[in-house]
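These notes are about the structure you will find just below.
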Amino acid sequence: MPTLPYSNALVIGAGSWGTALAAVLAERGLQVQFWGRDPVLMEEIQTTRRNTRYLPGLVLADSIQAISDLEALRPADLVMFVVPSKAVRETAAIMVAHPALQQTQVVISCAKGVELETGKRLTQILAESFTHTPLAVLTGPNHAEEVSQRMATAAVVACDQENIARDVQTCFTLPWFRSYTSDDVTGVEWAGAMKNPYAIAAGIALGLKLGDNAIAALVTRALAEMVRMGSAMGGRPESFMGLGGVGDLMATCYSQHSRNHRVGRLLGEGMPLQEIMSSTRMVAEGVPNTASLHQAARAKGVRTPLLDEIYAMLYEAKPAREAMRTLLSRDPRAETE
Ligand SMILES: NC(=O)C1=CN([C@@H]2O[C@H](COP(=O)(O)OP(=O)(O)OC[C@H]3O[C@@H](n4cnc5c(N)ncnc54)[C@H](OP(=O)(O)O)[C@@H]3O)[C@@H](O)[C@H]2O)C=CC1
Ligand SMILES: O=C(CO)COP(=O)(O)O
């Protein structure tokens, strides 16, 4: 195993993904501080070594210190942001001022989304706070439930500085966890945000029992839309063919672990969106992402017929079968158009 370039990590966000990532870094040999906003939960995690709220099956190593008190923060070489996308801006503003983060070597964005108010990617938001710290992205088909069981997983680490991408890759290299590097931060961030609404659509199709042909068609045309939109936003088309693109799209469109897929399936089965959203504490980024991506697509003039129908179903109460009729009755066109 290559020598570790960093010794100390801070994981910010105590949901399922933050918990799983803290465990990965601890297994790799880093000392990990794990920050969450809820003092009761963090105290419980520190004492019982389990996050019963978000990832109950995992027992956390002793090298992970769970905290909620910012006073307890130690200097960290590597900082992972794993709060939901809507909380990234406010959390970054709080964290950047902390003396313990002044020597940080890299800040890694692990959430998936685009800000509604600005259309910004998450590393663009982080860069407004962390003006002098290199930023990277960790993304890919990575369900926390499987990572926490040390099931074979691959991810992509994107950074515009190659040496930093390689250092972060080293931290995410274990016998069961393989990571690849990329310099296309823009592409992998758009891909990670975009797959979420399509996972909702795939869930809706399953809930409506539309069949395997329909779901395969949906996922394929979703990928075409991701490439079109992501390229228009400055990403490279090949990034959408990688782990952060088609890899994550498949994982979320077909997995029972996916919260976005679950939202869609329940919608397809007829449950109202409000009821679904209030039935779980867990974040389904595809719901806010649909609004922010739809807005970004309109602003940029990118054609996104699938996203438009997902938006109509979630935000304009369009019945799912009517959305499907709209999609199927569009003018015929070439597959590559
Ligand atoms: N789960 C997964 O498998 C993966 C998730 N991701 C991405 O990681 C991000 C985090 O998701 P995940 O860990 O699954 O989330 P969960 O739904 O498991 O948990 C949400 C976490 O975010 C916290 N939170 C919510 N609002 C705020 C806020 N305003 N400020 C600070 N913390 C807040 C919650 O705290 P509280 O309990 O106090 O409400 C909780 O700790 C998302 O963007 C997701 O798409 C990426 C890859 C895999
Ligand atoms: O991004 C994820 C897996 O890569 C998690 O997907 P969900 O948020 O849909 O559960």
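Taken together, the values in this text are just the output of simple stated rules run on the coordinates, not laboratory data. Because the structure is a prediction, the values reported are computed rather than measured. With ideal geometry, Cβ positions are generated from the backbone for all residues, glycine too; neighbour counts draw on all protein chains shown.
Send over the Kirkwood Rh of the stretch 8-183, from the inverse of the averaged 1/r over different Cα pairs, rounded to one decimal Å.
Answer for the stretch 8-183: a Kirkwood hydrodynamic radius of 16.0 Å.
Quick check: the angle from helix 286-300's long axis to the longest principal axis of the chain, C-alpha only, nearest 10 degrees?
Computed tilt is about 70 degrees.
For Arg150 and His257, calculate 0.36 nm times their separation in residues minus their Cα-Cα distance, and state this gained length in nm to one decimal.
37.0 nm
Taking the Cα centre of the chain as origin and charging only Cβ (+1 Lys, Arg; -1 Asp, Glu), how large is the dipole, in debye to the nearest 20?
For the chain, the charge dipole is close to 600 debye.
For Glu71 and Ala87, compute 0.36 nm times the residue count separating them, minus their Cα-Cα distance, and round to one decimal in nm.
3.7 nm
Please list, short to long, the whole-number percent of alpha-carbon pairs of the stretch 186-328 in consecutive 10 angstrom bins beginning at zero.
13, 48, 33, 6
If each of Met271 and Ala334 carries a label point 7 Å out from its Cα toward its Cβ, how far apart are those two points in nm?
4.4
Starting from 0.36 nm per residue, how many nanometres of slack lie between Gln105 and Thr280 once their C-alpha separation is accounted for?
59.4 nm
Could the peptides 199-206, 301-308, 328-335 be put in order, highest first, of the mean number of other beta-carbon atoms found within 10 Å of their residues?
Going by the mean number of other Cβ atoms within 10 Å, highest first, we get 199-206, 301-308, 328-335.
Enumerate by residue number the GluC sites (Glu not before Pro) in the stretch 205-278 meeting two conditions: DSSP loop (anything except H, G, I, E, B), and at most 12 other Cβ atoms within 10 Å of the site's Cβ.
Nothing satisfies the criteria.
What percentage of all Cα-Cα pairs in the chain are separated by more than 35 Å?
The proportion of pairs with Cα distances above 35 Å equals 19 percent.
Per the helix-only calculation at 222 nm, which mean residue ellipticity applies to the chain, given -39500 (n - 2.57) for every DSSP H run of n ≥ 4 and division by its residues, nearest 500 deg cm²/dmol?
Calculated mean residue ellipticity at 222 nm is -14000 deg cm²/dmol.
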